[in-house]
Each structure stands twice: as structure tokens, then as C-alpha cells.
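The values are calculated or read from the model by the stated rules, or taken from the named source; none is laboratory data. This is a predicted model, so every value here is computed, not measured. FYI the Cβ positions are ideal-geometry reconstructions off the backbone, even for glycines, and counts take in every protein chain you see. Side chains are part of the model used for accessible areas, which takes the heavy atoms of the whole protein and leaves out ligands, DNA and RNA. Shrake-Rupley method; radii C 1.70, N 1.55, O 1.52, S 1.80 Å.
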Amino acid sequence: MSKRTFEQEMAFCTRETPNCITIKEGFVPGMNVPGKFYVNEALEKLVFDELRSFSRQSSNVGGFLPAIKQIGNVAALPGICKYSIGLPDVHSGYGFAIGNVAAFDMSNPEAVVSPGGVGFDINCGVRLVRTNLLINDVLPVKERLAQALFDHIPVGVGSMGIIPTKQQDLEEALQLGIDWSLREGYAWPEDKEHCEEYGRMLNADPNCVSSRAKKRGLPQLGTLGAGNHYAEIQVVDEIYDPFVAKKMGIDQKGQVCIMIHSGSRGLGHQVATDSLVEMERAMSRDNIQTNDRQLACARINSVEGQNYMKGMAAAANYAWVNRSSMTFLTRQAFAKVFNQSPEDLDMHVIYDVSHNIAKVEEHMVDGHCKQLLVHRKGSTRAFPPHHPLIPVDYQLTGQPVIVGGTMGTCSYVLTGTDTGMRETFGSTCHGAGRALSRNKSRNNLDYGDVLKRLEDMGISIRVASPKLIMEEAPESYKDVTQVVQTCHDADISKMAIKLKPIAVVKDDEGRVYTRSGVVSQPLDADTQSGATTDRIIMARLVASACCGCTRGVGLS
């Protein structure tokens, strides 16, 4: 079959509402359900330009398919229900687009689970922590506070954690999730209540995580990682819904929060890699056909499908422990700078959401309540008010949805809606979504210019790799405000709070970038070794204080 022109491709796409476009069956071979994606007029150009470029290519070799094609290919997977859904931040990814949601009927023996629908960074997610500080409290010490965060939280590709972790600790963390952090004194009891799934997937089985994955994960617990991961000091810029904001402990503009964005590090990546090999064997055995080999999958109830789900759940638990450990270190950094206990600073978790995960949930399909395996890749669960799986604190507001912006741009807190529950399986956007590839960002942008713009915006940044500055620059991403506005206008989630950054911590190769862009020299080996030893000793002391309770204890 000859390749279609862009105009022929567009004949399959129909704008149903100002914020939603449907993809008719036939757009790609074998679609079992239609596709749909949420974009307004400001965002649709990026999606369709990608398709236009693809249509002009003489062959399909190299790179990812356009996001809209990936949405169609997911719609052709066995057992999918209702729609393959793209959210406003959708962009090309491995197998599934990033920002793609798909649900599979657990009662259908043909239904599949696909690692491409979760991603390599399993349970990559965002946690928002509030404080009772105001911007005027922070501005005089902003540089010192940014440096304290940088010093406390290990970041970067090869970073190693300072939370003392032995092999047995890792096994228990994979099984227990945030309950391990609670037991070891790295979390507060209230933190668990304000985590998606209460910080623990009960079907986790550490035996389904390979020894190689565990070897990669053992030294990385409590580390940020690189790429688009960050710890960011933010201030409340706008309050759209005062009732919702108050329920979250936000009562005025200028209030200071901390956003932590990280996932399951090398362990999650290895779990995904290992599973793809097993899935390809299962596909051959069970004669499962897909439009894209990156959509490797297995029947949900097959041995391979169940092993993946148990291993994925263990990696998700690791990610919650990871974010909990960094929350612990963040609390200690603030306590040190302000000479007050984290409890006195009211450093409570507002909520912790997952971006890359697959979970069994109950949803209404054609008037019937069904158990579905919902894949959310680069998307966020957004359950409505009164849903039994969200905390008591948020029963009247709906689940908080933490939407991180790009380096130097605003972030948002949204809430779930009944419309979203019906139309998107209770899902909404997760961030801005890339507009430029990392390679294009490095070639097109100058890191000095980006640093200067951030400085002019009053944002302190601690980052160690010039290429990361370009890759994560605001110009590399879609406009997060347009993404969030689309979700709000489509009523799949509602805007509650807008936050703007005042300091960002990213990556680490032993160097520090200051606001002036000057790079300090890497620490020598002895200094690094001594600093690491001191941090490990202090972590042990703090964790063991007060019979394991860290509240009110500062790291000095």
C-alpha cells in the first residue's frame, strides 16, 4: 500500500470540540477502537507538523513515529476499550506516545499489557511539598537554600544515594514502598495518605525484578537522576480556586513550595528492558500481531504479563521510596538553612502523583462497571470528588494533579473531574511535553543565553551539564499554560493553583552553575569522599533519632 499524503491522513481526523479531535478507524491498520486527542488551536500545529513531516518522508526508517500515528497503533492492540487517548502534552515516545492513555478489559482473555504503555522510567512522578514560608522569607537566603538542596540531594546520571541501603533494605523497599520509608524514619505518616495508591502497589514481587535491575537500583535510592528530573523551589503565583487551595494548605500568594520530579532510576529502566525480551517471546508463541514492534506486549493473564505487572509494581514502589527519601533530604536542607524543624516549617506533602504506570481500576464502559488495566504513559491519574481511592482531605475537591512545567516556567495544581472519569479513564496531562528533540535543542540553543534568561527571571539554578541547560530550556517544550488550559476547558481536570520557580536543582557532575553562569571547579576526590561520608553519617543519625521519627530533627 502506498504512503498517504498529509491531506489524505487528515481526512481521518475530525475536530469534535474546540479541544478534542477524533481519529477514525482505518487511520492505521487493524484499529479496534477510534483514537482521540485533546489539543486546542495553539497546540494542534505541533502535532500535525509532525504528521506532515512524516508524510513527506520516502521511508519510515529511523526515529519514532508521529504521536498521532502511535495513538492509532495503540488503538489496534487486543482488548483495548473505548478509545486510545492522547492528552495535550502528547509527543512521540517508545511504542506508545508520551501522553497516551489506554485501558484494556481484564475480562477479555485477549487483552494485553505493554511496557511501552508505561515507559522505561516506571512511576516517574511529581511530589509537591508545601511550607509556611513566604517569598520574602526565602529571597534573602535563596542562593544558600538552592545550594543546600544541591548539596543534600544527589543528582545526575551516575549519582549514588546517601540513604544507607543494603541488599535486604532494597528487597523490602521493593515490596513495601513508602511503608519501608515510614518504618525507617524517612517519611511522616501523613505522607502515605497523600500518595497515589498510598505509596505502595500491593501486587509487587521483588522476585520479578532481575538481579541486574537490583544492582542498578541499590546505589541510587534517594537520588534525583538527570534529564528532565528536578527539585524546584516554587512560590504560589495564582490561586484559581481558593476552596481547593485551602484544602491543600495553600492560603495565599507568595507561599513557598517544593516540587520533586523523579522516578525509579536505573532499576525501573532495567525492569522495562528485561520485560521487552520476554514479551517478544510471548508474542511469537501466542501469535500477537502489532503495527509496531515497539508495542511488544503479552496477554494480561499470561505468565509474562503477570511477571511484568509484579515487577513494574515493585519498581513503582522503589520510585515512591526514592521520592520519600528526597523529601526527607529536602526537609533537612530547609531545616538547616532556616534553623527550624521541618514540622515547624509545615513541610507537608500536598500530593504525590505517578506519570508512568499501569494499574487495575474500575471504570464505566457502555453502562457497565468493568475492571480495566489502565496504562498511563506521560499522563496523570485525575480522580473526581468523592472517589473512594483519594484521601479524605480531598473528597470534596477531587484528587490533586501536580503538573510540572519546564525549567524556568510555571507549574500547576489541578483537580480531577467527573467528566475526566467518563472521557479519559480519570486521566489528564502530566507536563508541558517536548516540542523539540534533545538533539535539536542542543543544536539550536545556546546555554549562556538560556542561563541569562533564567537569571533575568530571578531564577537560581544549580545544574552541571551545559547540554542539559539547552535540552531542558523552556523553548524545548510546549507551552504548559496552553496544555493545562486545554484540560481545563475540556473539563477533564480543573485549574486550582499556579506556581512559579525561584530556584532549580538538576543534574550533577561535581560542578555548580551559579546565576551568573560561572562554573565552580569539581570537588577533588578527597573532598568528595569526606563530604559523602559526613552526609551518610548524618543520615544515619537523623534516621535513628527519636526512635526512628525524623520530625523536628535538623541536619547540620
| field | Checklist (1) farther than 18 Å from residue 311 by Cα; (2) of a type in the set (Phe, Trp, Tyr); (3) in a helix (DSSP H, G or I) applied to residue 180, failing item | value | (1)
| query | Got a sec? Which of 76, 67 is in contact (Cβ under 8 Å) with a residue 60 or more places away in the chain, small (Gly, Ala, Ser) and on the phi < 0 side of the Ramachandran plot? | reply | 76
| message | Taking the conditions exactly as written (at pLDDT 95 or above and either touching a Phe, Trp or Tyr at 6+ places or on another chain (Cβ under 6 Å) or surrounded by 17 or more Cβ atoms within 10 Å (Cβ to Cβ) (or both)), does residue 67 satisfy them or not? | response | yes
| message | Any residue that is aromatic (Phe, Trp, Tyr), open to solvent by 10 Å² or more (accessible area, probe 1.4 Å) and on the phi < 0 side of the Ramachandran plot - is there at least one of those in region 335-348? | response | yes
| request: Report whether or not residue 50 is of a type in the set (Asp, Glu), touching a Pro at 6+ places or on another chain (Cβ under 7 Å) and farther than 30 Å from residue 301 by Cα. | output: yes
| note | Of the residues in region 380-408, those that are open to solvent by 10 Å² or more (accessible area, probe 1.4 Å) and closer than 19 Å to residue 201 by Cα number 3
| task | Collect the residues in region 235-250 that are within 26 Å of residue 177 (Cβ to Cβ) and buried (at least 18 other Cβ atoms within 10 Å of the Cβ), keeping them in residue-number order. | result | 247, 248
| Right, residue 168: open to solvent by 10 Å² or more (accessible area, probe 1.4 Å), part of a helix (DSSP H, G or I) and in contact (Cβ under 8 Å) with a residue 60 or more places away in the chain or not? | no
| said: Restricting to region 102-154, name every residue that is hydroxyl-bearing (Ser, Thr, Tyr), crowded, with 20+ Cβ neighbours inside 10 Å and farther than 26 Å from residue 432 by Cα. | reply: none
| Are there any pairs with C-beta distances below 6 angstrom linking a residue in region 126-153 that is of a type in the set (Asp, Glu) to a residue that is modelled with pLDDT under 95 and not in a helix (DSSP H, G or I), with the two at least 6 apart or on different chains, and if so which? | 143/460
| Residues that are in a loop (DSSP other than H, G, I, E, B), modelled with pLDDT of 90 or more, open to solvent by 50 Å² or more (accessible area, probe 1.4 Å) and out of contact with any strand residue (DSSP E or B) (no Cβ under 8 Å at 6 or more places or on another chain), drawn from region 27-64 | 29, 30
| task | Filter region 187-197 for residues that are open to solvent by 60 Å² or more (accessible area, probe 1.4 Å) and either farther than 21 Å from residue 163 by Cβ or touching a residue at least 24 places away in the same chain (Cβ under 8 Å) (or both) and give the result. | result | 190, 193
| task | For residue 79, work out the one condition from (1) open to solvent by less than 20 Å² (accessible area, probe 1.4 Å); (2) in contact with a helix residue (DSSP H, G or I) (Cβ under 7 Å, 6 or more places away or on another chain) it doesn't fulfil. | result | (2)
| message | Going by what's in this entry, would residue 181 be described as open to solvent by 40 Å² or more (accessible area, probe 1.4 Å), among the small types (Gly, Ala, Ser) and modelled with pLDDT of 95 or more? | response | no
